[in-house]
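Trainee: Before I ask anything, here is the structure I am working with.
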Amino acid sequence: MFLNTSLLVENTSLLVENTSLLVENTSLLVENTSLLVENTSLLVENTSLFVHNASGIAFF
């Protein structure tokens, strides 16, 4: 009985630790996704400016 209780406590502790790591990883995933969206937006903006500048050079 004591062994089972000890294992239950250990497993519960590991579950809490794993849940904490899952929350941390999910938070980092959200942050990274946000940065990916921001970088993609900047890439689109820079590409648009490149095309605009290239067309201006073509007419020059």
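Trainee: How much net charge surrounds N25 when only the other residues with a Cβ under 13 Å from the Cβ of N25 are counted, with Lys and Arg +1 and Asp and Glu -1?
Mentor: Within the 13 Å Cβ shell, the charges total -3.
Trainee: For the chain, what is the mean residue ellipticity at 222 nm derived from helices alone (per DSSP H run of n ≥ 4: -39500 (n - 2.57); sum divided by total residues; nearest 500 deg cm²/dmol)?
Mentor: The helix contribution divided over the chain gives -36500 deg cm²/dmol.
Trainee: For Cα Rg over 2.2 N^0.38 Å, the listed values are [x] 2.46; [y] 1.23; [z] 1.49; which was obtained by calculation from the structure presented?
Mentor: Structure-derived value, by its label: [x].
Trainee: Something else about it: How much length is gained on full extension from A58 to L42, taking 0.36 nm per residue of separation minus their Cα-Cα distance?
Mentor: 3.4 nm
Trainee: Could you tell me the calculated FRET efficiency between L8 and N32, based on Cβ-Cβ distance and R0 = 35 angstrom, to the nearest 0.05?
Mentor: The value I calculate is 0.45.
Trainee: Shifting gears a bit: Using a Gaussian network model of the chain whose springs link C-alpha atoms within less than 10 Å, name the residue from L36, L49, L28 with the highest mean-square fluctuation.
Mentor: Comparing L36, L49, L28 in a Gaussian network model of the chain, the most mobile one is L49.
Laboratory data are not the source of any read-out in this text; all were calculated from the coordinates shown. These numbers were taken from a predicted model, which means no experiment stands behind them. With ideal geometry, Cβ positions are generated from the backbone for all residues, glycine too; neighbour counts draw on all protein chains shown.
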